[in-house]
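All remarks here apply to the structure that follows.
The values are calculated or read from the model by the stated rules, or taken from the named source; none is laboratory data. All figures in this text were calculated on a predicted structure; none of them were measured in a lab. Here Cβ is always computed from backbone atoms with ideal geometry, including for glycine, and neighbour counts include all displayed protein chains. Each accessible area value is taken on the protein alone, full model and side chains, heavy atoms only, with ligands, DNA and RNA left out. Shrake-Rupley method; radii C 1.70, N 1.55, O 1.52, S 1.80 Å.
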Amino acid sequence: MTTKDKIMPSKPNTTPESNQLELIRRGFTGTRLLFRAFYIWGLVALYNKKIISRKYLSDSSSSFGKAFVKAAERQKAGLIKIGQLGSLRSDLIPQEITDELAKLQDKVEPHPYSEIESQIFQQLENDPENIFASFDKNAIAAASLGQVHHAVLQNGQEVAVKVQYPCIEKAVRVDMAVLKIGMRIFGLLTIANTMKIFAELNESIHTEMDYLAEGTAAEEINRNLSEAPQLKDLFLIPKIYWEHTRPKVLTMEYLPGIKINDTKKLGEAGLEIEEILTHTGQLFLHQIFKDGLFHADPHPGNLFVAKDGKIILLDFGMHRRLENKLRDAIRHNMIATITRDVDLYALSMIEGGFISNDDAEKVREMAIFQFDPKFHNLSAKEIARMDFGEYFMGMRSRLKDIESFQLPSGVIMWGRSLGLLMSLFGELAPTQKPLDLISSYVIEFLSSD
């Protein structure tokens, strides 16, 4: 065997023709989903005119949501990301659809090792066997854009190597092109600024595909949290090994831990769930409201707990930076939500650029509805008994009257981060009200400059 035979990776079992055919299929699937989305929009219009029943709209919306999830799980790439972010827009999308989209998990079957080997060779200009002392060919995690392998550096340091799938950029480009067409057309039919929403989704997905940006974000968030005396001993973020990192390959410190929602193992390790949730909430609130740069994907697959109770934060691909003015407005909005201050709620919406002064009274009325004890700061068990139909219909009807309403850049990612945290709290502490776990810290922290 020659030297070339030893270091050249095997080629993926695909051809240019098969790749092209797959992209065509992807475009066809996206277009078909787009037409079904238009059909749902038409049904909503007919329902508003009392031409069709609520049940018919509900059944059709649920069917579309299930079809989207099935297509996304099959096609992966951008469709999974679009669906996950779409699940947060219950103000624009029927509840039956967002309920289905919320089930999307960015967890897929690993790609063949030959593809990973080829990508590493392209990025690091050498075979994994020559770069690392050992490299596990079996992935320890796999998602829609890439997968992670355990390896050991030549100096003995254990690392996790995140590798982006070859040709994923083309697949994402097709998905986003179809989405852009759809958002542009929907923009003609609704008061929402759909192209602004598209721009933020597009930026988020492409940022997530830049592993240099991910490594930089991880290091900055690590520095920011380490400078907070009350937080510096509560967390771990993996060190980035830049000499083995490129735009599509990220090599970082391997940090073993217990998955944050594995309550059985956490209990066996003597770790308190309530304390873990309180510390997690503090870490993310500090990122969002103090530093501005925050991890926007805090689902259980990215949060682990070390043996000493420290929270391990992984996967900074989905991150976002809030402008100072918007960050201050969201801080005031959160204080208003906790204290149920209707006037401060309206002022914070004006301050953040969500609405104009002309709609302040309408927002006060919406806040009164939101702060009704039937809907406000509920535990997971209370939410299970809540009348979602009354809540979402009430919110949509009020939002429709707020003509100046818009979402400033960064708010979708902020909503995703906060929504995932609240979901985690509900899963692990179903009898606890989320705001009660962190309210004392929030009021003291958010009220300070």
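Looking at the range 107-126, is at least one residue within 21 Å of LEU145 (Cα to Cα), modelled with pLDDT under 90 and open to solvent by less than 50 Å² (accessible area, probe 1.4 Å)? So far as the range 107-126 goes, yes, one or more of its residues are within 21 Å of LEU145 (Cα to Cα), modelled with pLDDT under 90 and open to solvent by less than 50 Å² (accessible area, probe 1.4 Å). Restricted to the range 263-305, and to residues that are open to solvent by less than 30 Å² (accessible area, probe 1.4 Å), of a type in the set (A, V, I, L, M) and part of a helix (DSSP H, G or I), which residue is nearest to SER409 (Cα to Cα)? Of everything passing the filter in the range 263-305, ILE288 is nearest to SER409 (Cα to Cα). Being part of a helix (DSSP H, G or I), in contact with a helix residue (DSSP H, G or I) (Cβ under 9 Å, 6 or more places away or on another chain) and either open to solvent by less than 50 Å² (accessible area, probe 1.4 Å) or touching a residue at least 12 places away in the same chain (Cβ under 8 Å) (or both): is that true of LEU43 here? Against the criterion (part of a helix (DSSP H, G or I), in contact with a helix residue (DSSP H, G or I) (Cβ under 9 Å, 6 or more places away or on another chain) and either open to solvent by less than 50 Å² (accessible area, probe 1.4 Å) or touching a residue at least 12 places away in the same chain (Cβ under 8 Å) (or both)), LEU43 qualifies.
When ALA228 is tested against the conditions (1) modelled with pLDDT under 95; (2) in contact with a Pro (Cβ under 9 Å, 6 or more places away or on another chain); (3) hydrophobic (A, V, I, L, M, F, W, C), the lone failure is (2).
ASP315 passes every criterion in (1) over 20 Å from HIS376 (Cβ atoms); (2) in a helix (DSSP H, G or I) apart from (2). GLY301 - would you say it is within 22 Å of VAL163 (Cα to Cα) and in contact with a Phe, Trp or Tyr (Cβ under 6 Å, 6 or more places away or on another chain)? No; evaluated as a whole, the condition is false for this residue. Within the range 187-241, restricting attention to residues that are in a helix (DSSP H, G or I) and over 23 Å from the mean Cα position of the chain (by Cα), the residue that is farthest from ILE168 (Cα to Cα) is SER226. The set of residues from the range 113-170 being over 29 Å from the mean Cα position of the chain (by Cα), among the polar types (S, T, N, Q), farther than 13 Å from TYR254 by Cα and outside any helix (DSSP H, G or I) comprises ASN126, SER134, GLN154, ASN155. Within the range 156-170, being at pLDDT 85 or above and not polar (S, T, N, Q) holds for GLY156, GLU158, VAL159, ALA160, VAL161, LYS162, VAL163, TYR165, PRO166, ILE168, GLU169, LYS170.
Apart from one condition, ARG246 fits all of (1) in contact with a Phe, Trp or Tyr (Cβ under 8 Å, 6 or more places away or on another chain); (2) open to solvent by 30 Å² or more (accessible area, probe 1.4 Å); (3) under 21 Å from LEU420 (Cα atoms); the exception is (3).
Report yes if some residue within the range 173-195 is of a type in the set (Ser, Thr, Tyr) and surrounded by fewer than 22 Cβ atoms within 10 Å (Cβ to Cβ); otherwise report no. Yes: the range 173-195 contains one or more residues that are of a type in the set (Ser, Thr, Tyr) and surrounded by fewer than 22 Cβ atoms within 10 Å (Cβ to Cβ). Across the range 307-321, a minimum of one residue is classified as among the β-branched types (Val, Ile, Thr), modelled with pLDDT of 90 or more and under 29 Å from GLU115 (Cβ atoms).
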